[in-house]
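The values are calculated or read from the model by the stated rules, or taken from the named source; none is laboratory data. On a predicted model such as this, the values are computed, not experimentally measured, just so you know. Cβ atoms come from the backbone with ideal geometry, glycine included; neighbour counts cover every protein chain shown. Surface areas here come from the heavy atoms of the whole protein model, side chains and all, with no ligands, DNA or RNA. Shrake-Rupley method; radii C 1.70, N 1.55, O 1.52, S 1.80 Å.
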Amino acid sequence: MFKIAIVGKPNVGKSTLFNRIVGKKQAIVLNEPGITRDRIYARAKWLNRDFEVIDTGGLANKKFTFQQAVETQVKFAINEANTIVFLVSDKDGINVDDFYVAKLLKKYKGKNIVLVANKCDGINHRCAEEQYYSLGFGKPMFIASEHGIGIGDLLDKITKQITTSDLISDDSFPFCVIGRPNVGKSSLINLLVSKERVLVSPEAHTTRDAIDVHFTYNKKKYTIIDTAGIRRKGKIEQGVEQYSVLRSYDAISRSQAILFILDGSEPINEQDKVVAGLAYEANIPTIICVNKWDLVKKNNKTMIEQTNNIRANFKFLSWAPIIFISALENKRTHTIFETLEKINEQLNIKVNTSALNEVIMRAQIVNPPPLYKGGRANFSYATQAQGQVPTFIIFGNDPKYVHLSYMRYIENCIREAFNLTIVPITVYYKDKNARIRGVK
């Protein structure tokens, strides 16, 4: 797919332009430099032409935290992009950092580089034109990304270069990686995609944005979404971290599966339970992935004991498969894709209606519904409905007569009968005579 990378010094509006092009607030935007660290990808469309936009961290001539890592990420983006948008600020003028970026870009021969001056809110430009020419990329295009001024002209110029060979359909399987800070999420992603795709540091909260990474494994396309470490609401700091957590919620909503990462070398704590709660609320397939297994002192019972401990702490994720890996030593990481394959198979199971009804009727005979709220549940028939996860509707008398424990019993009967062992399922109970009675 045709790719556009936005490159420049800190605080020139790269993330604002990125959000404007993709049409949503995907990258965090605050009025301070150094917010973006990793490179962030998003799909966009202009005049029926699809392309990918890459937001990058700011480059500067002076040393700053994560400078080397950020510059590595920017170089990756430049290498894979078809067009580079070299963004400068008309409001702040040209300085030594802009010349530093220009010097870096000139090393990439043959790359199409478009000089763009952002923050131009009027006809008269604050920065003299000769300053732009001194960068060595000709006359710039003038835009104001915050207000959408000049964005159409910029996209017209860039998308003219898109050919039919660049138009590739997206049929990848999206899944996200969530967990509390510093459990090894970014290290795992870099290992799975076989390159330094996201920043890795022993310092917590290195990852801020939700970062999409497209890759292929065993000839199958995947999109893995790295997220910021999630803490309890009372612990979340205002500003950057608050926006990071919101991006994590959005990443979960865009996924078809979740990798919930635990640190196997540390006891399960309250933060882990908070993150697990997000996976449960999302009601999408979740793999509980115990990382850093290389740091655990093991015997022949360690894995069983750890599995029992996880099941005891996360009873609400009783269906979620548990795997043990080491991202650092690349041990058992192949089990992630094997489990995703099994999940995908179970998500696509279509249950025969007559077989489903037979299971429900047999369940009632073996274990009749108890008296509850002045009545006894009686099921007449059931069917499978369309949904993100296997969804079933059971029709009978008043649903209020169905006790929660009996709902779990029916759900377990369906799971066992149709091998729905590692995915969440949804079972609705409806009054078969609701329309006749005028019940909503």
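Table: residues versus (1) of a type in the set (A, V, I, L, M, F, W, C); (2) free of Cβ contacts under 8 Å to residues at least 60 places away in the same chain; (3) assigned to a strand (DSSP E or B); (4) surrounded by fewer than 20 Cβ atoms within 10 Å (Cβ to Cβ).
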| position | (1), (2), (3), (4) |
| --- | --- |
| Leu59 | yes, yes, no, no |
| Glu71 | no, yes, no, yes |
| Val88 | yes, no, yes, no |
| Phe99 | yes, yes, no, yes |
Report yes if some residue within the stretch 113-133 is touching a residue at least 60 places away in the same chain (Cβ under 8 Å), assigned to a helix (DSSP H, G or I) and under 31 Å from the mean Cα position of the chain (by Cα); otherwise report no. no
Only one of Asn412, Asn397, Asn378, Asn357 that is without any contact (Cβ under 8 Å) to a residue 24 or more places away in the chain and more than 34 Å from the chain's Cα centre (by Cα): Asn378
With (1) modelled with pLDDT of 95 or more; (2) assigned to a loop (DSSP other than H, G, I, E, B); (3) over 30 Å from Lys342 (Cβ atoms) as the list, and Ile422 as the residue in question, which single condition is left unmet? (3)
Based on this model, can you work out whether Ser194 counts as modelled with pLDDT of 70 or more, open to solvent by 80 Å² or more (accessible area, probe 1.4 Å) and part of a loop (DSSP other than H, G, I, E, B)? yes
Return yes when Tyr406 is in contact (Cβ under 8 Å) with a residue 12 or more places away in the chain, surrounded by 16 or more Cβ atoms within 10 Å (Cβ to Cβ), under 20 Å from Phe316 (Cβ atoms) and over 32 Å from the mean Cα position of the chain (by Cα) and no when it is not. yes
Mind listing whichever residues of the stretch 327-337 are of a type in the set (S, T, N, Q), in contact with a strand residue (DSSP E or B) (Cβ under 9 Å, 6 or more places away or on another chain) and either assigned to a loop (DSSP other than H, G, I, E, B) or buried (at least 17 other Cβ atoms within 10 Å of the Cβ) (or both)? Thr333
Consider Asp153 against the criteria (1) open to solvent by less than 10 Å² (accessible area, probe 1.4 Å); (2) not in a loop (DSSP other than H, G, I, E, B): it satisfies all of them except one. Which criterion is unmet? (1)
Do the conditions hold for Ile310, that is, is it at pLDDT 95 or above, open to solvent by less than 50 Å² (accessible area, probe 1.4 Å) and aliphatic (A, V, I, L, M)? yes
In the stretch 338-393, the residues that are of a type in the set (S, T, N, Q), under 18 Å from Ile425 (Cβ atoms) and open to solvent by 60 Å² or more (accessible area, probe 1.4 Å): Asn348, Asn352, Thr353, Gln386, Gln388
When the stretch 197-221 is examined, which residues are found to be modelled with pLDDT of 60 or more and open to solvent by 10 Å² or more (accessible area, probe 1.4 Å)? Asp212, His214, Phe215, Thr216, Tyr217, Asn218, Lys219, Lys220, Lys221
Pull up the stretch 273-306, narrow it to residues that are assigned to a loop (DSSP other than H, G, I, E, B) and within 16 Å of the chain's Cα centre (by Cα), then point me to the one that is farthest from Val423 (Cα to Cα). Asn283
